[in-house]
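> Here's a structure for you.
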Amino acid sequence: MKKIIYLLTVFSMYCACAQKNDVKITPTQQQTKNDMDTTKLNETVKKAFDAWQKGDAETFTSFFTADAKLYDDGNPRDFKKFVKDACGHEKFTSIDTIENEGKTIYGRFHTESWGDFRTFFKFNINNDGKFDKLEIG
């Protein structure tokens, strides 16, 4: 009986040592693990999206008109302040759906303030090929 207890003890210790800890992947690590498919994005949206993901606010805003409008869940916000505060600190961690001829992106988003959540960016292109409105939510 002592042999059985000894073997069970050794076996249980071996199993406990072999268990892996539950490792959490940060959104930044997740993004590098899952390359996001941006091939269905409108060409200009893709360039703006890439600039956003890199935290390049200057390039991101270069695709917008000087008086671009921002709507967050339908509520007007200051576009320039949003870009200044968020670009480089917030980014998509996955793309779930692309709609509206490649001008609307739905996916997971990470912010330093609010954590992780699902969101969308909907770009409106004017006749000159610039974005005049960005809807987020």
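> Treating only the Cβ of Lys, Arg, Asp and Glu as charged (+1, +1, -1, -1), what charge dipole size does the range 24-136 show about its Cα centre? Round to the nearest 20 debye.
Numbers: 18 positive and 20 negative charges, 29 e Å.
Result for the range 24-136 is approximately 140 debye, rounded to the nearest 20.
> Computed on alpha carbon atoms, what radius of gyration and Dmax characterise the range 34-118, expressed in Å?
For the range 34-118, the Cα radius of gyration and maximum Cα-Cα distance read 12.6, 35 Å.
> Going down the list Lys84/Lys133; Lys81/Lys103; Lys40/Lys69; Lys40/Lys80, which pairs span over 19 Å between their C-alpha atoms?
Long pairs (Cα-Cα over 19 Å): Lys81/Lys103; Lys40/Lys69; Lys40/Lys80.
All of the numbers you see were taken from the coordinates with simple rules; none came from a lab. Being a predicted model, the structure only gives us computed values, none of them experimental. Here the Cβ is made from the backbone with ideal geometry for all residues, glycine too, and neighbour counts use every protein chain on show.
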